[in-house]
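Chemist: Starting off with a structure, shown below.
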Amino acid sequence: MRIVCAWCEKEGKSALICEVEPFDDPMETHGICVAHRASFLAELARSLTPPQSDASFRASAEPARAEPAVPAPETRRLAEWLGEGQELVRLFVPRLAEQIAALERRCAAAEQAHAELERRVEDARREAANLEEANRRWRELEAEILALLDPLIDRVLTDTIRPMYRLSRTLRARRPRAPKSS
Ligand SMILES: [Zn+2]
């Protein structure tokens with residue numbers, strides 16, 4: 001990964017500060033070069049310190065290209081702090097990019113799992129609909145069979161069982177009576 005100076009880039013200069021791991025990553029990230037950091041800090045120091053004379057005021061109005069004046073202890077501390085911050089950025093920006101990439105991968109995996117679950121739910125829904133359809137057809141068939149059976153049973157009752165019943169009653173009526181008990 002290339003770290004380029006945002007200020008140099010803005011000025012149309014060659015802006016590459018350094019390359020960091022992963023070296024095969026063509027991505028660019030922004031930093032600040034030594035020269036621009038120094039001028040930035042000098043500018044900052046000037047803006048923090050009220051001008052003491054016309055001369056220093058004129059100096060502060062000069063472009064920041066000149067070497068910064070000997071920094072005050074606070075400015076030096078600030079410079080150190082900013083330098084450390086820069087190191088941290090250099091160290092952590094690639095890691096952050098890695099973490100973001102890892103998060104994106106996890107996000108994609110979660111989306112895939114979600115899509116898979118949705119597919120399964122859709123399959124289950126289709127299966128349930130198929131079962132319901134099969135059940136409905138079975139009930140229709142059952143009704144058809146009953147519709148065929150009912151008149152058949154009626155006919156069996158009318159043509160066979162009722163005449164047999166009548167016959168048995170007739171036979172019973174014609175049976176000689178037993179003598180009355182006294
Ligand atoms: Zn620069």
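Quick grid of which residues meet (1) in contact (Cβ under 8 Å) with a residue 60 or more places away in the chain; (2) within 23 Å of residue 26 (Cβ to Cβ); (3) among the small types (Gly, Ala, Ser):
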| site | (1), (2), (3) |
| --- | --- |
| 77 | no, no, no |
| 85 | no, no, yes |
| 90 | yes, yes, no |
| 93 | yes, yes, no |
| 107 | no, yes, no |
| 112 | no, no, no |
| 116 | no, no, no |
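Chemist: Now a separate question. Which is under 52 Å from the mean Cα position of the chain (by Cα) and not acidic (Asp, Glu), of 113, 173?
Modeler: 113
Chemist: Quick check on my filter: what residues within the range 28-45 are aromatic (Phe, Trp, Tyr) and buried (at least 19 other Cβ atoms within 10 Å of the Cβ)?
Modeler: If the condition is that a residue be aromatic (Phe, Trp, Tyr) and buried (at least 19 other Cβ atoms within 10 Å of the Cβ), then no residue fits.
Chemist: Mind listing whichever residues of the range 28-55 are away from the ligand (no atom under 16 Å from the Cβ) and either under 19 Å from residue 84 (Cα atoms) or modelled with pLDDT of 85 or more (or both)?
Modeler: 45
Chemist: What number of residues within the range 1-27 are surrounded by 15 or more Cβ atoms within 10 Å (Cβ to Cβ) and more than 16 Å from the ligand (Cβ to nearest atom)?
Modeler: Counting residues in the range 1-27 that are surrounded by 15 or more Cβ atoms within 10 Å (Cβ to Cβ) and more than 16 Å from the ligand (Cβ to nearest atom) gives 3.
The values are calculated or read from the model by the stated rules, or taken from the named source; none is laboratory data. Small disclaimer: the values here were computed from a predicted structure and weren't measured. Here the Cβ is made from the backbone with ideal geometry for all residues, glycine too, and neighbour counts use every protein chain on show.
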